[in-house]
């Protein structure tokens, strides 16, 4: 990991000055390393001061990270600001914003769905509407939402519903004439010093709302600190205090989830936690955790399995909370130094081997024609020189080159791993080595996202087999096998 040294929005301090021992934080970091794979960034704020911060190489302080459903908490904030400015109220029926949608066409219960039901994931729909929306070939997400019927009395039944958050974004854009991200920029992003934020859009030209926001780790921390301070920032009330209280208070029960911190209740696009905490979070481990009783905030970005998202919270409750004290602790230069040294060693898994082999000279410059595959690669030409590697790829979109570093991460970009709503040409950092005489392994990290790919290339006679694996996914984790033959 790298440690931030440049000037930024929040003041810096040592953990001991803010009542936390460096040794306790080091114990937490070690536990997270051993039990969770893997955190990309970590920032702990106490009494408004950053006391620990680090980014796992090749991630960095200046780079945004996709936060997935943590986006929802920012959408909720925009709704609170719009309500405060009189654009609409949380009690407005959602059909009042869509005169083109007739209640007789969507069912009588839809006429009773209000803005607050979208905020609390209690629209009465039995399933998340997201799939029905985004998989429409016509790109009409709005129609997809209304085609999922309301089967429960609105306000009576919690169902996690990313489509409901998208509808909040649609309503805000209709009411204010501004896209969600443009509405937030002068009201939230600029006061907090959040620069370079981006938000994916639907085919209808609306910010996705429930997902799609990309921001830096410190931006997440500032957002959490703003909520900890009841909406005040630098002496100004940025968000109405009443909205902060409502958003961060249990509005509807969500009992029954096997993970305890997903069954403490739901506010306005915030999860209630144990220990009187609350959080916004996103899949693969994107967290903004607010601890009012401890006057602390945690901002974390990750690439962890969706089934492991409870583990970081368990470790925080177990190891961090008991270590937080009300008083300043004695200075501990050795403990703080040990913590800083540990943070600097953290990196994505890097393949170990040798810079070149006899095989490198034999296969360099050869073109291999690929069998049909999920990545739509038609041909691969590896080029090895002075220990570095370039993969020249011919795809259905044309030709591009991925350069792999040797001993150091090499930055670049590629459309090979583009994903709808996430990125079209993600930035990459790549590193690789020969792990045996005829096997070359590369790690290609999409460092503004949770994802990285591991390519294991097996060269044999006139053939090539490439195993392409991904660290986390909502879909199959089974490696893609590319089989190719020399042309």
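The values are calculated or read from the model by the stated rules, or taken from the named source; none is laboratory data. As the structure is a computational prediction, the values presented were derived from the model and not from experiment. Cβ coordinates were reconstructed from backbone atoms using ideal geometry, including for glycine residues, and neighbour counts include every protein chain displayed.
Of note:
- Yes/no for residue 96 being touching a helix residue (DSSP H, G or I) at 6+ places or on another chain (Cβ under 8 Å), more than 30 Å from residue 420 (Cβ to Cβ) and either assigned to a helix (DSSP H, G or I) or outside the structural domain of residue 212 (by TED's automatic domain parsing) (or both): no
- Every residue from the stretch 402-448 that is more than 24 Å from the chain's Cα centre (by Cα) and within 16 Å of residue 386 (Cβ to Cβ): 403, 404, 405, 406, 407, 408, 432, 433, 434, 440
- One residue alone among 391, 459 is outside the structural domain of residue 135 (by TED's automatic domain parsing), touching a helix residue (DSSP H, G or I) at 6+ places or on another chain (Cβ under 6 Å) and part of a strand (DSSP E or B), and that residue is 459.
- Hits in the stretch 158-188 (condition: free of Cβ contacts under 8 Å to residues at least 40 places away in the same chain, over 12 Å from residue 74 (Cα atoms) and part of a helix (DSSP H, G or I)): 173, 182, 186
- When the stretch 195-230 is filtered for residues that are within 20 Å of residue 46 (Cα to Cα) and either out of contact with any strand residue (DSSP E or B) (no Cβ under 7 Å at 6 or more places or on another chain) or assigned to a loop (DSSP other than H, G, I, E, B) (or both), the ones remaining, listed by number, are 216, 219, 222, 229, 230.
- All of 178, 192 fail the test of being touching a helix residue (DSSP H, G or I) at 6+ places or on another chain (Cβ under 6 Å) and within 25 Å of residue 65 (Cα to Cα), apart from 192.
- Pairs where the first residue, in the stretch 299-314, is in the same structural domain as residue 261 (by TED's automatic domain parsing) and the second is assigned to a loop (DSSP other than H, G, I, E, B) and surrounded by fewer than 17 Cβ atoms within 10 Å (Cβ to Cβ), C-beta under 6 Å, 6+ apart: 310/259
- Hits in the stretch 92-115 (condition: farther than 17 Å from residue 173 by Cβ and exposed (fewer than 13 other Cβ atoms within 10 Å of the Cβ)): 102, 104, 105, 108
- Residue that is nearest to residue 39 (Cα to Cα), among those in the stretch 330-344 that are out of contact with any helix residue (DSSP H, G or I) (no Cβ under 8 Å at 6 or more places or on another chain) and exposed (fewer than 11 other Cβ atoms within 10 Å of the Cβ): 341
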